[in-house]
Structure formats: structure tokens, C-alpha cells
1. Select from segment 176-221 the residues that are closer than 24 Å to Lys271 by Cβ and of a type in the set (S, T, N, Q) and write down the one among them that is nearest to the ligand (Cβ to nearest atom).
2. Which of the strands (runs of 3 or more DSSP E) found entirely inside segment 52-159 contain at least 3 residues meeting this: farther than 25 Å from Tyr250 by Cα and away from the ligand (no atom under 16 Å from the Cβ)?
3. Somewhere in segment 162-169, is a residue away from the ligand (no atom under 12 Å from the Cβ) and assigned to a helix (DSSP H, G or I)?
4. Could you identify the single residue in Arg190, Arg289 that is modelled with pLDDT of 95 or more and not in a helix (DSSP H, G or I)?
5. Output the number of residues of segment 90-125 satisfying the condition of being basic (Lys, Arg) and in contact (Cβ under 8 Å) with a residue 24 or more places away in the chain.
6. Could you give every pair whose Cβ atoms fall below 9 Å, whose first residue belongs to segment 241-253 and is closer than 16 Å to Ala188 by Cα, and whose second residue is acidic (Asp, Glu) and surrounded by fewer than 20 Cβ atoms within 10 Å (Cβ to Cβ), counting only separations of at least 6 or pairs across chains?
7. Is there any pair with a first residue in segment 215-234 that is assigned to a loop (DSSP other than H, G, I, E, B) and a second that is within 14 Å of the ligand (Cβ to nearest atom) and among the aromatic types (Phe, Trp, Tyr) whose Cβ atoms are under 7 Å apart and which are 6 or more apart or on different chains, and what are they?
Amino acid sequence: MMEFDRDFTLQTTSHRVRRLRELFSILLLFLPGFVAAQQQSTLDLRPSFSKRLPHSQVCGVVVCQSDIPLSGMQTILAEISQLQTDLKKYLAIPKANEKIELCLFSNEKTYLKFLEQEFPGAPTDRRALYVKKEGGPGIVLLQKTDDFEIDLRHEMTHAIIHASIHAVPIWLDEGLAKYFELKPEDRAFRNPYLSKIRFAAKFGAVPSLDRLENLEHIGEMDVREYRESWAWVHYLIHGSPQTHQLLASYLQMLAQRPNASSDKTAKSFPKLSPYLRRTINGPVADYKRHYKNWAE
Ligand SMILES: [Zn+2]
């Protein structure tokens, strides 16, 4: 808990965040989504793939299933529980009201075989995959590699967010996943993107948030777009109490959009940038100030 507080360096902001959470709590009482969250105990948390993945364990709304015993993975499974709490506690992301299936494979061979049988047509050139069919649970498929823990946190961030929020702009979805893919104690200061972003900001280079907000598909996200999305997420989380509150409010607004809407194109989302311009006097200068001053 202490590590987490230090990670977010939010001690000075905590009263604002607390006030925001309290406000959300009051609002949520009157929303249908809250009723669904309250009914979480009625969720069917039985594993769907127990024949091929016989070892299972429930962590919150996450049903972990594996082809090898989970006894050696208790630390990372505890982190998954923590990730659910982090996203809810620090970004006011509503509690998930549906289950998430996490399928872990000991090697590439069993992973690919499972994909072929359960998800024919799914891309086979990735180490991990997040699948969500309309109306069904989010499913994270993951093979054990050297980057297993980073992949797991990254994909689980997507899954946890989407279990609460129907649609999220691609830049924010990936920016949050890149932020939360590191261990809690490394997120604020030890992301490999930080030095490049800080160096660029020192010379006045600020990535265009408008350009990121107009991206439509995952295919448009390359190394640059992931890095720039992360940079804006980091600024929003750590820049000031106002930017942090704005990000939480924006996610809350996305969560309250009707589930029936299947239009996930960039133009269908309310954009964050106009709210940012209204909240912060000169967000570009404020972004530069944030990275100029950001040091452990
Ligand atoms: Zn991703």
C-alpha cells in the first residue's frame, strides 16, 4: 500500500481524489451500472475452458485458468487483484460487472493449438491476445515467455477497463495499458519511454493529442503512437490534481455512455482535449513543465 501511494505521488492530491470518488459514489448510487456492480456476487465465475486448462483460481472477477499448476504464480495473481483495485481506486473506473477469463499457457505450442481450436482466424503471431465478443466476457490468452508479466499486466489492463467501459478511444486504451504494464513501483519513474519523452519535451517537442484522438484502429498504433499515448497518460495521472481529476472524470463519462452504441470510431467519442483546454490554462506548456520537473 505504501509503495503504491509513493508510486502515484498523490499524497498532495488525495483530498481532491477522495472528494471526486465520494462524488462518484453518490452519483453511482443512482445509475443502473451501480446496480449491476452490486449484483457482482451473482456472476457465474466458473471457468469455461476447464477441459484443456484444468488449473483454475478466481481473483476478483478474473477467472484464471492454466495448463500447469498456478502455485508458482501467486505473486503475479496477487498483482492482478491489485490491478483491479488500482484502476478503480485511482482512476475511478467503475467496478467490473462481468467476468474476465484469463487463460495461461506454459508454452507456444499449447497456446497456438488452443487458438486454432477455440478462436480460429485469430492472429497467431502475438505472444498474447485479448478477445471480447459482443455481449461475452473478455478473454485474455497468454503464453509464458520472458516478458510474461508485462504482457499479463498490459492485456489485463485492457480487459479490466473493458469489463466496465464499453468503448475507450484507442490512444487512451493503449496509453493506460502501457502505463499499468509495469510493476506498481516502476510506473511513475522507470518506464523506458520516459527518458525520450523528457528529452523531447526539454526541446519543446510535445506530441499532438489531437492527432492521437483521431486514430481509429490498432493498426495505426506504431511505436511512436504507443509512446506518445503513454506520455499523455503519464501527464494526466501525475501532472497535477486537476489533470488527474480530469482523466478520472473523462473515464467516468465514457463508462456512462450507453452500451448499445456499437459505433467505436474516433469521431463517435467525446474528445478529451477540449476539456483539457478548459481545465488547464495552456496544456502544452503545462505538459512541458511536467516533464521538465519530473524526477525521483
Ligand atoms: Zn494493448
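The values are calculated or read from the model by the stated rules, or taken from the named source; none is laboratory data. Please read all numbers here as calculations on a predicted model, not as lab measurements. Every residue, glycine as well, gets a Cβ built from its backbone with ideal geometry; the counts of neighbours run over all protein chains shown.
1. The qualifying residue nearest to the ligand (Cβ to nearest atom) is Asn214.
2. Details: elements: 55-59, 62-66, 100-105, 128-132, 138-143.
Of the strands (runs of 3 or more DSSP E) lying wholly inside segment 52-159, those with at least 3 residues that are farther than 25 Å from Tyr250 by Cα and away from the ligand (no atom under 16 Å from the Cβ) span 55-59, 62-66, 100-105.
3. Taking segment 162-169 as the starting set, the residues that turn out to be away from the ligand (no atom under 12 Å from the Cβ) are 163-167, 169.
Adding the requirement that they be assigned to a helix (DSSP H, G or I) leaves 163-164.
Looking through segment 162-169, at least one residue is away from the ligand (no atom under 12 Å from the Cβ) and assigned to a helix (DSSP H, G or I).
4. Result of the check over Arg190, Arg289: Arg190.
5. Of the residues in segment 90-125, the ones basic (Lys, Arg) are 95, 99, 109, 113.
With the extra rule that they be in contact (Cβ under 8 Å) with a residue 24 or more places away in the chain, the set shrinks to 95, 99.
Number of matching residues: 2.
6. If the second residue must be acidic (Asp, Glu) and surrounded by fewer than 20 Cβ atoms within 10 Å (Cβ to Cβ), the pairs left are Thr243/Asp286.
7. The qualifying pairs are Leu215/Trp171.
Okay, residues lined up against (1) among the acidic types (Asp, Glu); (2) without any contact (Cβ under 8 Å) to a residue 60 or more places away in the chain; (3) not in a helix (DSSP H, G or I):
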site	(1), (2), (3)
Lys178	no, yes, no
Leu182	no, yes, yes
Ala201	no, no, no
Arg211	no, yes, no
